[in-house]
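The values are calculated or read from the model by the stated rules, or taken from the named source; none is laboratory data. These figures come from a predicted structure and were not determined experimentally. With ideal geometry, Cβ positions are generated from the backbone for all residues, glycine too; neighbour counts draw on all protein chains shown. Heads up: the accessible areas ignore ligands, DNA and RNA and are worked out on the full protein's heavy atoms, side chains in. Shrake-Rupley method; radii C 1.70, N 1.55, O 1.52, S 1.80 Å.
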Amino acid sequence: MPPKNIKTARDLVYWEYAKLIAGSAVGNRKNYGFIMHTFERLKEQKIHPSAILKENKKLVEESNKCAYCGMEGDLHWEHIIPKSKGGDDTIDNMVQACPKCNLTKSDKDLYEWYGKEKQYDIPRLPLGKYLKIVYDAFEKKGTLDSEEMSNEGKLDVFHFSSVFE
Ligand SMILES: [Zn+2]
């Protein structure tokens, strides 16, 4: 669970990014000390996600593998935020996925698909892109820094997708 000082969508997106950064920097997405430090740094500088990760570049490098399971071969473009749930038809919202992942993910949100137990297993590429889209959507709605969402402690990653409704 995120710490108590996460009150806004911006905080939560940064917290999730901090986990991703911990994963690549120290090989552990649960290194709390490192995550906390990175989170504070992102917050201080109000960094835009596009400056955090260069996911489109990474996408090109990994273009012959399923973004979720790493399988090679028969790949299809998959919408990270399903079109039926308000996702865009742009490259920012797409990764290549194998038929099995495509089918099992279906029209689920990323966190919903992986679930609470496996949320740390969501691969960096789709999760990085997902967080960027979520950040932009909250920004567009003007609720990126709104504390209203944290009422009753309801702000967690499983509520991200509500921004597209
Ligand atoms: Zn796959």
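Each row is one residue, and each column tells you yes or no for (1) without any contact (Cβ under 8 Å) to a residue 12 or more places away in the chain; (2) closer than 20 Å to S162 by Cβ.
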site	(1), (2)
Y17	no, yes
G33	yes, no
F39	no, no
A67	no, no
E72	yes, no
P82	no, yes
T104	yes, no
R124	no, no
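Say whether the condition of being in a helix (DSSP H, G or I), among the hydroxyl-bearing types (S, T, Y) and open to solvent by 60 Å² or more (accessible area, probe 1.4 Å) is met by at least one residue in region 15-32. Yes, the conditions are met somewhere in region 15-32. Taken residue by residue, region 89-96 has at least one member that is touching a Gly at 6+ places or on another chain (Cβ under 7 Å) and without any contact (Cβ under 8 Å) to a residue 60 or more places away in the chain.
The residues of region 94-123 that are open to solvent by 60 Å² or more (accessible area, probe 1.4 Å) and either at pLDDT below 90 or among the aromatic types (F, W, Y) (or both) amount to a single one, Y120. Any residue that is more than 10 Å from the ligand (Cβ to nearest atom), open to solvent by less than 30 Å² (accessible area, probe 1.4 Å) and outside any loop (DSSP other than H, G, I, E, B) - is there at least one of those in region 71-93? Yes; the residues of region 71-93 include at least one that is more than 10 Å from the ligand (Cβ to nearest atom), open to solvent by less than 30 Å² (accessible area, probe 1.4 Å) and outside any loop (DSSP other than H, G, I, E, B).
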